[in-house]
C-alpha cells in the first residue's frame, strides 16, 4: 500500500482527493494537513466523511509529511507550492502538484501571470505536465507531476485533435468557457457569496485569465508553432463543472464525418475521453462527479467553422481525479483505480 | 417632496430601499452613505441602477445627513444604529431604523441577545415597533420607527389572529422558519459562499436566534401574557423570501371555516396581508418582490392542530418595503405608494 | 385610457405583460384570454397578482377581444398568431405580436424554420419589426408590430454598431448565447423539469435555432449585404436572462477607445441601452427585471478581435417589456412608461 | 455473481440503482427494462453511463426478466408493482420493490391513500418492510422486500429512539419535512418545470400525503399503540435530499445528555446512521450522494421540547441505496457493499 498525504486538505480539491483516495485499493491515506492551529478530526471539517476515515488534519509540516508519505498531493494555492516542493524533492518523494506553479515552463511567463518570480527553477524542468492523453509515457517515468488547470484540461482535449491533424487554422481559436463556482476554490469574497452568484451569470478576465498562457503553451507545443487563443471564461451558477464551447476555423472544407473520425481515432484508447456522435452535444450533468471529458462536435460547412464542446468536472478531471489518474500511471496502478 | 437619505446604502436592504424610493411620488433621495473612503456614483456599486439615479454614495457623516434629509433610513448593522440615532434625534429628524437596536423594549434582554449594553436608553421608548397591521395609529404619530425583523414580521402576522381570538394554546407555538440567503445581509463568510449554500439546506440557531425575543415580546404584548415560542430557522437556497410553517394547538376543536373567518376578518382592511382560501398554501414565489404577506391555513380537527403558513419577501415586507410603508403612514402619504 | 387585451395571458410573457400593464398610467387592461374551459380570476392562475388586478381570464374569442380592446398583445405560440391576426386587422385594431409569425419577411424562410406555410401573407408586410433602437420612426406610424425574439434583441443590439460603422468583418460573427429557462416559455417537457436543468448546462440547436434567420435578416438589412452568423445557444440554470458573448473580427486594428466611442454614440439617446466603460462586463443580474440591454466591450488588438457582451432580461427587453415599449411609441405615450 | 435486473430503469431511482450496482462486487446487472418500444443502449438514456455499462434497456417482459435474473428491483410507479410481483413470486425470484405497494399492511388503508384496491393480497404478507435498522433479522430471511418510502425512512429513524425509550409523548409528534425535487420522480408536470421550482419553496399535501399512513403504521408498531403524526412536506429547490425537522414533546423533563445517549446507543452498531454531538445540526450536503442518515438533536428543557433533525439522500438511503442495503442483507453480502 502506497502511503499518501495531502497538503491543503481543507479546500474543495483536498476534499475531493480524500473522497477518491479512501476508495483506492492500492493506497493508504496517512497524512492530511492545512494551515490550522490544532489538529482536529477531518470529519469535523467535512461531516460527510464521518465513519469513512479516521484521520486528523494537522498543521502542515513538510518534514513530518515526508516522513509519513511516499507520495504527496499538493492542493495548495499558487505561489505556495513552490515553497514546499524543494523539501519533498530533497527527500526523493513523489509529488503531484495541483497548483499552477510547475505548469508554465517559461519563468518570465510565470512571473507575468502570477505576479511573483519563480522560486524553484531547479525543480521546474523535472515536472511533467500531467495530461495523460498527451504525456502518458512521460508521466509513467516521472516523479513530479504538474497537474493541469481545469480550464486548460477541457480546452486542450477539445482542441488538440483538430490541431495535430492539421485541420485547424491555429490563429482562429476562440474558447468560450463556463465554470461552476468551485472552480474558484473555497474563496470567501463578496463576488462568491450566494446572492451574488445565484440567478446570475457573468464573463470575467476575458483574455487576461491566468490559464491563457497554460493553454497557449500546450497548444503551441503540439502544433510546433505559436498559438494564441481567445479565451473568455464565465461564472456559471452551479457547484461543479466546466463547459467550453470552442470555435475553430478549418483550413479547408471537409466532410463532417471525417472530422468526427479524427477525434474518435485520437481518443480511441483513452479511458476518460468520450467523443459523442454527430449532433449529440454533451451536457454538464453527464460528467459532473466523474473523471470523464465528454466531447461533442458541430460543423458548419459553409463557414468551415468547427464547434467543439468539451465538458469536465472541474474538481475531478479538472483537478483531483486527474491527480489520482496521474498517480495511478506514475505508480503502475490500474489507471482507472478509484476513478470509475 | 420629502428629502430622504439612507445610511448603509450598500447592503441588500439599502439597495432595495433605493429601488423603491426612486419610484416614490412624494420623495426625493438626497443622501446615500456607507463606510467608504471616497464618494462614488451609486451606480458604480449597483450597475443595475445606472440611468435611474444620479446620486453619489459617500462616507457616512451624521451632521451632513441631518442637513440634507427630513427623514433617514438606517440600514445599519445591529449595535451601530444606537450610536447614530441620538445625533438625528437631537436635530428632530424622522428615523426609520431597520436594525434591531430599538425593537426590544427591555434593556437586559437586548444585552442578552446582542451581547452589548444598549447605549441609547433615552430614545428607546420613543420608538414605535413598525408593524402597521398592529400599530398603524401609533406609527401615524411617531417620529421614530423600529422596523421589525424579517422572521418576526412573518411570524407575528401568522400567529396574532389565533392568539388574540383566544383560540391558541399560547404554550404550543412552534415556528419552523426557512429564509433565503439575503436574510443574512451581504455577509462575506465561508458559510455563505455559493458552493456551501447551493444544493444544501440546514437548520441553525434552533431556539437561540436573536429574533426569538422579538417574536416573544410582541406575542406576549398582544396576548397579555408571557409567550415563549419554539423558533427553528433554516437556510434556504434561494436569494429571497421567508416561509414559516407555524404549528399552533387550539384550546378546543373548532370548525375550520370559523378559523379561516377569524383570519380573514382580522386582515380584511389590510393592503398587504392576503389570507388564502382553505387548502391553498402560499408559495414563496407569490410574494418575492412584493410587500405582501401571504397566509394559508390547514387544520387537523382530530389533533386540534392549526398549521399556519406565512410567507414574505425578507427584503421587502421583511425590511425595506415595510420601512417605506412605515414612512408612508408616518408622513401621511398613500400607504401603498411605491409598494405596488 | 387605452383599452388593452392579452391573448395568451397564462404564459410567462403574458404574466410579465400583466405586471407591467397594471402599473401603466395610460392603459386599462380590459381583456385576458387563453385556451381554457371556464373563465377564472387571473389571480387564481397567478396568486401573486391577488389584490392587484380583478380581471378574469377567459377562453380566447377574437370577436370579443376586438370588441373590448383598442390594442391587443398576442403572447401566443408561433404559427398560432397568424391564425388570429387577420381577425384583428379587419377590425382595425392595433396589434403587438410577440410570436415569430410576422418577423421573417421571406415566406420560404419562415416555412423552412417554422415548418408551416405562412397563412397571412397579406398582413405580413404591414408589420414593423419592433426594435425601437433601429426602427423607432416606423414603429411610431405602425399599427402592427412584430416584437423581436429574445436572442435576436440582444444579438442585434450588440452587433449593429460594429456593423454599420464598417468596422466588422461581417463573415466573422460568432454568437455564444446563454438563456435562462423561461426563454423556452412554460414548456412542460422532460428536458425542462427541475432536476434536468438544475446543476446542469448544455448547448442546443447550434446553428439550427429558429432565431438564426431572424438575426441574419436584420443584420443583413443594416449592413446591406448578406450576413450569416454562427449562433450557438445554451441553456442556463437561471429563471431569466440572456447573456450573449459575441466574437467579431475587425477589418483593421483600431484603438479600443474609438470602438467604445462608436458604441456609445450609437446608443447615446437610447433610454434602454447602457454601454459600459472599458473592461466592465455586464452581469446578468444587472438587467434581470429591467428593460435594459447592457453592453460591454473587450478588445484584443493583436488578433483584431472584438468581444461584445450583450445582456437582457428575456421576458422584459426580450419580450414583454419591449412589447410595452413598442406600444408606448406607437400610441404616443412616454416611451419609458411602466418600464422604469 | 448474483444476476440482477431492474424494472423501471429509466427513472431517477433506476439510474441510481444502476450507478450503485455496476460497482457492486457480488452482482452482475443482466436485465434493464422500462416501458419503451425498442431496446436501446442504456447509455443512450443516460450518457453519463457511457463506457461504464454495455447493457440495453428493453421493453419490460416479466417472463424474460425472471429468466435472466435471480433478483429483481422494481422501480415502478405505485399500483404497477402489484401487477408484476405475482409473476416473479411464482418463479421463486427475490424481489426488492421500491414502490409503495407492499408497505401498508392494511388493505383498506392502501385503498384509501392510493385510490385503488390492492390486487395481490396473497403476497402482501410475505413482504418485509425493508428498514434494516428495525428489521435486519427479518430481512435476512426474507425473499420479498418492501423498500421504505423516502420521507418515512428519515422520519422513522429520527423518531423511533424517543418513542421506544418511552420518552416521547406519542401524540405530540410534528414532522416538518423538506424534500428535493427528485423525490417526486421524473414527473413531467407544470409544477416541476424549472422556473416553477427554482427560487421558490412551498408546502404541499399537509396531513394528506400518502407517506403519512406509512409513518403512522411503523411508529404504531414499535410503540405498541396508535400513533398519528402531523406530517407537513415541503418542496425544496435542490435536486436531492430530505431534511426533516421533527418536534416531539417529552413526557417529563430530562437532561439533554441522557437523550443524546439514548439515540447514540440505539444506533451504535448501525453502519448508516450517524448521530451528531449536541448542537451540531446536520446539513443536507453531508448526506447527499451517501447512504447515511444523519441525526441531530436540540432540546428545550423549559418546554420539554425535543427537536430532532433527520437528513438523508432521498435517492440513496431513501430509495436505491437502501434497496441495495436490503439486497446485501438478504443475500448475505457485506451490508455496506457498493454503498461506501
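Put simply, the Cα atoms of region D:225-265 extend 37, 25, 16 Å along their principal axes, the longest span coming first. With a ≥ b ≥ c the root eigenvalues of the C-alpha gyration tensor of region C:186-340, is it rounded (a/c under 1.5), prolate (a/b larger than b/c) or oblate? Because a/c hits 1.5 or more and a/b fails to exceed b/c, region C:186-340 counts as oblate.
Evaluate region A:1-151: find the radius of gyration of its Cα atoms, find its Kirkwood radius, and give the ratio Rg to Rh. Ratio of gyration radius to Kirkwood radius: 0.96. If you model region C:268-320 as an ellipsoid using its alpha carbon gyration tensor, with each semi-axis the square root of five times an eigenvalue, the axes come out at 23, 11, 9 Å, biggest first. Given R0 = 56 Å, the distance between the Cβ atoms of residue B:137 and residue B:63 translates into a calculated FRET efficiency of 0.95. The value for chain D of Rg(Cα) / (2.2 N^0.38 Å) is 0.98.
PRE reach from residue C:119 (point 7 Å along Cα→Cβ): which of region C:50-92 fall under 11 Å by backbone N? Residues passing the 11 Å test: C:79-87. Helix A:81-90 axis versus longest C-alpha principal axis of chain A: approximately 60°, rounded to the nearest ten.
Between copies, residue A:222 shows label-point distances of 3.8, 5.6, 6.7 nm, shortest first, with the point placed 7 angstrom from Cα along Cα to C-beta. For peptide A:241-248, the mean count of partner chain Cβ atoms within 10 Å of a residue's Cβ comes to 3.
Please work out whether region C:1-46 counts as rounded, prolate or oblate from its C-alpha gyration tensor, where a ≥ b ≥ c are the square roots of the eigenvalues and a/c under 1.5 means rounded, while otherwise a/b larger than b/c means prolate and anything else oblate? Let's see the in-between values first.
Numbers: a/c = 2.07, a/b = 1.66, b/c = 1.25.
Prolate, since a/c reaches 1.5 and a/b exceeds b/c.
Which whole number gives the average count of other chain Cβ atoms within 10 Å of the Cβ atoms across peptide D:220-233? Present the calculation step by step, with values, prior to reporting the outcome.
Numbers: counts 0, 0, 0, 0, 0, 0, 0, 0, 3, 1, 6, 1, 8, 0.
Average per residue, whole number: 1.
If packing is taken as the average count of other Cβ atoms within 10 Å, what order do D:227-234, D:79-86 fall into, highest mean first?
Numbers: D:227-234: 22.5, D:79-86: 19.8.
Final packing ranking: D:227-234, D:79-86.
Give me Rg/Rg_expected for region B:200-278, where Rg uses Cα atoms only and Rg_expected = 2.2 N^0.38 Å with N residues. Write down the numbers at each step before the final one.
Details: Rg = 15.4 Å, N = 79, 2.2 N^0.38 = 11.6 Å.
That works out to 1.33 for region B:200-278.
Please give the helix B:12-21 orientation as an angle from the longest Cα principal axis of chain B, in degrees from 0 to 90, rounded to the nearest 10. Tilt relative to chain B: about 80 degrees. The long axis of helix C:212-223 is offset from the longest Cα principal axis of chain C by roughly 60 degrees.
Over all projection directions, the Cα-based convex hull of region D:120-265 averages an area of 10.8 nm².
A simple packing score, the average count of other Cβ atoms within 10 Å per residue, orders the peptides A:312-324, D:180-192 as A:312-324, D:180-192, with the highest score first. Highest mean first, the peptides B:257-267, D:143-153 sorted by other C-beta atoms within 10 Å per residue fall in the order D:143-153, B:257-267. Per residue, the average separation of C-alpha pairs within less than 8 Å and at least 6 apart gives region A:1-109 a relative contact order of 27 percent. Estimated from helical segments only, the mean residue ellipticity of chain B at 222 nm is -8500 deg cm²/dmol, where each DSSP H run of four or more residues counts as -39500 (n - 2.57).
Label-to-label distance, residue B:28 versus residue A:226, with points set 7 angstrom from Cα along the beta-carbon direction: 5.9 nm. Once Rg and the Kirkwood radius are both taken over the C-alpha atoms of the protein assembly as shown, their ratio Rg/Rh works out to 0.95.
Given a Förster distance of 41 Å, report the FRET efficiency between residue A:256 and residue D:1 from their Cβ-Cβ distance, rounded to the nearest 0.05.
Taking R0 as 41 Å, the efficiency between residue A:256 and residue D:1 is 0.45.
How shielded is A:202-212 by partner chains, expressed as the average number of their Cβ atoms within 10 Å of its Cβ atoms?
For this peptide, the per-residue mean of nearby foreign Cβ atoms is 4.
Every read-out reported here was derived from the displayed coordinates using simple, explicitly stated rules and does not represent laboratory data. These figures come from a predicted structure and were not determined experimentally. Positions of Cβ are backbone-derived with ideal geometry, glycine not excepted, and every protein chain shown enters the neighbour counts.
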